[in-house]
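The values are calculated or read from the model by the stated rules, or taken from the named source; none is laboratory data. Computed from a prediction, not measured in an experiment: that's the story for all the values here. Virtual Cβ from ideal backbone geometry, glycine too; neighbours counted across all protein chains shown. Heads up: the accessible areas ignore ligands, DNA and RNA and are worked out on the full protein's heavy atoms, side chains in. Shrake-Rupley method; radii C 1.70, N 1.55, O 1.52, S 1.80 Å.
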Amino acid sequence: MSNDEFAQHISRQFNDELEEVRSHLLTMGGMVEKQVADAVSSLVNADSALALEVLTTEKKINSMELAIDEECTRVIAVRQPAASDLRLLVVATKANIDLERMGDEASKIAKMAIKLSEDGVLPKGYIEVRHIGAHVCAMLHDALDAFARFDADLALEVVHEDHSVDMEYESAMRQLVTFMMEDPRYITRVLNVLWSLRALERIGDHARNIAEHVIYLVKGRDVRHLPLEEL
């Protein structure tokens, strides 16, 4: 599927309905992208006020998820699309779920940020959070860009980046667990950072999911569960 194919329908109204679905999903994606960045910032800067904003945004994202889901269902029921049009709506529905779950993970990070701001600064872990946070934000941005431009090559790059995030996460986990064992005074705070890193790793997984959906949309091939070598 390409941008040209996307815009070619006998019914102009059908074109508009599909464009609205895509536009609404990208708007939601932009909100989630900002939510994740704000959650990371609230954690590394001990900014509880910003963390509270992240938690407020989650409610808006949840509402958008329901609206987009209903919109996709209505178009499928009324238009009974086939081929690439149906793939677009299926992908939008799946990406919608991934975005909402990213919002949930960002909220978990915000809650950890509030706890850490109350408990005190931790000597280690914030550099890793900032680095992995920037990495998964870039993945999400590229996944949404690939969806907007029907770019399977960019989507494939996102899939590969997820492997790098996984390795960075495992390395950070080992360092923080070692630090926690060496200085038990920081156990509670280290655990909060570890949960935040886990949430970021999950956000990277959801960004990969969206990228895989884009490849299916453009190429018509389901590449989930395929090893990187085959991709």
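Given the criteria within 17 Å of the chain's Cα centre (by Cα), assigned to a helix (DSSP H, G or I) and among the charged types (D, E, K, R), does residue 115 qualify?
When the stated conditions are applied, residue 115 does not pass them.
Scan the stretch 105-132 for residues that are open to solvent by 10 Å² or more (accessible area, probe 1.4 Å) and of a type in the set (S, T, N, Q) and jot them down.
Of the residues in the stretch 105-132, the ones open to solvent by 10 Å² or more (accessible area, probe 1.4 Å) are 105, 108, 111-112, 114-115, 117-121, 123-124, 126-128, 130-131.
117 - this is the single residue of the stretch 105-132 that is open to solvent by 10 Å² or more (accessible area, probe 1.4 Å) and of a type in the set (S, T, N, Q).
Considering the stretch 210-226 alone, what residues qualify as being outside any loop (DSSP other than H, G, I, E, B), open to solvent by 50 Å² or more (accessible area, probe 1.4 Å) and not basic (Lys, Arg)?
Here is the first cut: in the stretch 210-226, the ones outside any loop (DSSP other than H, G, I, E, B) are 210-219.
Going one step further and asking which of them are open to solvent by 50 Å² or more (accessible area, probe 1.4 Å), we end up with 216, 219.
Passing the criteria: only 216.
Output the residues belonging to the stretch 151-160 that are over 13 Å from the mean Cα position of the chain (by Cα) and over 15 Å from residue 29 (Cβ atoms).
152, 153, 156, 157, 160
What residue, of 89, 66, 52, 43, is touching a residue at least 24 places away in the same chain (Cβ under 8 Å) and either open to solvent by 70 Å² or more (accessible area, probe 1.4 Å) or in contact with a strand residue (DSSP E or B) (Cβ under 9 Å, 6 or more places away or on another chain) (or both)? Write out each step before concluding.
Working: 89 fails: either open to solvent by 70 Å² or more (accessible area, probe 1.4 Å) or in contact with a strand residue (DSSP E or B) (Cβ under 9 Å, 6 or more places away or on another chain) (or both); 66 fails: touching a residue at least 24 places away in the same chain (Cβ under 8 Å); 43 fails: either open to solvent by 70 Å² or more (accessible area, probe 1.4 Å) or in contact with a strand residue (DSSP E or B) (Cβ under 9 Å, 6 or more places away or on another chain) (or both).
Of the residues listed, the single one that is touching a residue at least 24 places away in the same chain (Cβ under 8 Å) and either open to solvent by 70 Å² or more (accessible area, probe 1.4 Å) or in contact with a strand residue (DSSP E or B) (Cβ under 9 Å, 6 or more places away or on another chain) (or both) is 52.
Condition check: surrounded by fewer than 17 Cβ atoms within 10 Å (Cβ to Cβ), within 23 Å of residue 35 (Cβ to Cβ), under 14 Å from the mean Cα position of the chain (by Cα) and of a type in the set (Gly, Ala, Ser). Does residue 148 satisfy that? First the steps, then the outcome.
Working: surrounded by fewer than 17 Cβ atoms within 10 Å (Cβ to Cβ): yes; within 23 Å of residue 35 (Cβ to Cβ): yes; under 14 Å from the mean Cα position of the chain (by Cα): no; of a type in the set (Gly, Ala, Ser): yes.
So residue 148 does not fit the description; no.
Would you call residue 147 touching a Phe, Trp or Tyr at 6+ places or on another chain (Cβ under 9 Å) and assigned to a helix (DSSP H, G or I)?
Working: touching a Phe, Trp or Tyr at 6+ places or on another chain (Cβ under 9 Å): no; assigned to a helix (DSSP H, G or I): yes.
Answer is no for this residue.
Tally up the residues in the stretch 26-50 that are hydroxyl-bearing (Ser, Thr, Tyr), modelled with pLDDT of 95 or more and farther than 13 Å from residue 133 by Cβ, please.
Residues that pass the stated criteria total 1.
Please determine whether any residue of the stretch 101-124 is within 27 Å of residue 217 (Cα to Cα), of a type in the set (D, E, K, R) and touching a Cys at 6+ places or on another chain (Cβ under 7 Å).
no
When the residues of the stretch 17-40 are narrowed to those that are surrounded by 16 or more Cβ atoms within 10 Å (Cβ to Cβ) and either without any contact (Cβ under 8 Å) to a residue 24 or more places away in the chain or charged (D, E, K, R) (or both), which ends up farthest from residue 94 (Cα to Cα)?
Going through the qualifying residues, I end up with 38.
Among the charged types (D, E, K, R), more than 22 Å from residue 35 (Cα to Cα) and not in a helix (DSSP H, G or I) - does that describe any residue in the stretch 185-208? Don't jump to the end; show me each part of the working.
Here is the first cut: in the stretch 185-208, the residues among the charged types (D, E, K, R) are 185, 189, 198, 201-202, 205, 208.
The next check asks that each one be more than 22 Å from residue 35 (Cα to Cα); those that pass are 185, 189.
Narrowing further to those that are not in a helix (DSSP H, G or I): none.
The answer is no, given that none of the residues of the stretch 185-208 is among the charged types (D, E, K, R), more than 22 Å from residue 35 (Cα to Cα) and not in a helix (DSSP H, G or I).
Go through the stretch 69-83 and count every residue that is surrounded by 12 or more Cβ atoms within 10 Å (Cβ to Cβ) and out of contact with any Leu (no Cβ under 7 Å at 6 or more places or on another chain). Quick ask: steps written out before the conclusion?
Taking the stretch 69-83 as the starting set, the residues that turn out to be surrounded by 12 or more Cβ atoms within 10 Å (Cβ to Cβ) are 69, 71-76, 79, 81.
Filter again for out of contact with any Leu (no Cβ under 7 Å at 6 or more places or on another chain), leaving 69, 71, 73-74, 79.
Adding up the residues that qualify gives 5.
With respect to residue 165, determine if the residue is open to solvent by less than 40 Å² (accessible area, probe 1.4 Å) and in contact with a His (Cβ under 6 Å, 6 or more places away or on another chain). Full working, then the answer.
Working: open to solvent by less than 40 Å² (accessible area, probe 1.4 Å): yes; in contact with a His (Cβ under 6 Å, 6 or more places away or on another chain): yes.
Spelling it out, residue 165 is indeed open to solvent by less than 40 Å² (accessible area, probe 1.4 Å) and in contact with a His (Cβ under 6 Å, 6 or more places away or on another chain).
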